[in-house]
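The values are calculated or read from the model by the stated rules, or taken from the named source; none is laboratory data. Please read these numbers as outputs of a predicted model, since none were measured by experiment. Cβ atoms come from the backbone with ideal geometry, glycine included; neighbour counts cover every protein chain shown. Accessible surface areas use protein heavy atoms only, side chains included; no ligands, DNA or RNA. Shrake-Rupley method; radii C 1.70, N 1.55, O 1.52, S 1.80 Å.
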Amino acid sequence: MISDKQRVELAKKQAMLKILYQAWLTEKRKYAIITVVDNEGNLIEYHPSGNQRTVGHVKQPA
């Protein structure tokens, strides 16, 4: 069983990882084409020029 203290620490770590991931992704977009899946299952391609386009769709598991 996880204690309340451990739960709080885990939440802090998750928040920090989210911040670090967003910073990495922002930097990476400056010089590379990045493809990610959004919450609706759309495959989005981000280009260094600032353009983005939907290139496909991923079926979400039931």
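Here are some notes:
- Rounded to the nearest 10 degrees, the angle from helix 4-28 to the longest Cα principal axis of the chain is 20 degrees.
- In sequence order, calculated HN-Hα J values of the stretch 46-56 (Karplus, 6.51, -1.76, 1.60; Hz; x Gly/Pro): 9, 9, x, 6, x, 6, 9, 8, 8, 10, x
- Each stretch of four or more DSSP H residues adds -39500 (n - 2.57); spread over every residue of the chain, this sum gives -14500 deg cm²/dmol at 222 nm.
- Note on surface exposure: 5, 13, 59 rank 59, 5, 13 by accessible area, highest first, 1.4 Å probe.
- Residues residue 54 and residue 26, FRET efficiency given R0 of 25 Å [Cβ-Cβ distance, rounded to 0.05]: 0.80
- Percent of Cα-Cα distances greater than 17 Å, calculated over the chain: 58 percent
- Candidates per chymotrypsin sites (Phe, Trp or Tyr not before Pro) in the chain, loop by DSSP, up to 12 other Cβ within 10 Å: 31
- Electrostatic tally near residue 57: other residues with Cβ closer than 14 Å to its Cβ, Lys and Arg +1, Asp and Glu -1, net -1.
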